[in-house]
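Down below is the structure, laid out as structure tokens.
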Amino acid sequence: MKSSKRLLVGAATLAMAMSGLLCSPAAQAAGQTPVQPAARKTVYVYATDVHLRAAPNTSAAILATVSHIYLYDYCQTNKNTTAVPDPNGGTNPWWSKVTLTTGSDFAWVSNVYLQDGRKISGVPDC
């Protein structure tokens with residue numbers, strides 16, 4: 001039986017593979033501009049055993065589990081998400097699209113587990 005977990009592929013590996021497509025001589029000759037990386041904000045996971053998921057809901061596949069770590073946050077959404085119980089009361093529907101600071105594929109984490117996290121200031125909506 002195959003595992004439902006996927007490994008997070010390093011962003012540097014992905015960037016090297018894609019660089020030939022995005023910055024090829026043919027593309028440059030055609031006047032196309034290489035794609036620039038998206039803006040990001042560093043956020044802190046203050047909790048332990050936090051799941052990074054394939055989509056912004058609790059039923060999505062778990063890609064990795066992290067504790068007390070910094071992540072890069074690219075955008076956040078509250079659309080089609082699972083609201084997660086907030087330790088301060090109520091629930092929080094906001095989820096962030098993140099990568100590891102060392103590089104990885106994108107994953108999603110509930111903002112409940114991020115410092116300053118109901119809706120994080122300075123992170124755009126997806």
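Structural remarks
- Prolate/oblate/rounded call for the range 57-126, Cα gyration tensor, a/c under 1.5 rounded: rounded
- Residue ranking by accessible heavy-atom surface, 1.4 Å probe, largest first, among LYS79, LYS119 comes out as LYS79, LYS119.
- Taking the centroid of alpha carbons for each part, the range 38-53 and the range 68-126 are 7 Å apart.
The values are calculated or read from the model by the stated rules, or taken from the named source; none is laboratory data. All values derive from a computational prediction rather than experimental measurement. Surface accessibility is based on the protein's heavy atoms, side chains included, excluding ligands, DNA and RNA. Shrake-Rupley method; radii C 1.70, N 1.55, O 1.52, S 1.80 Å.
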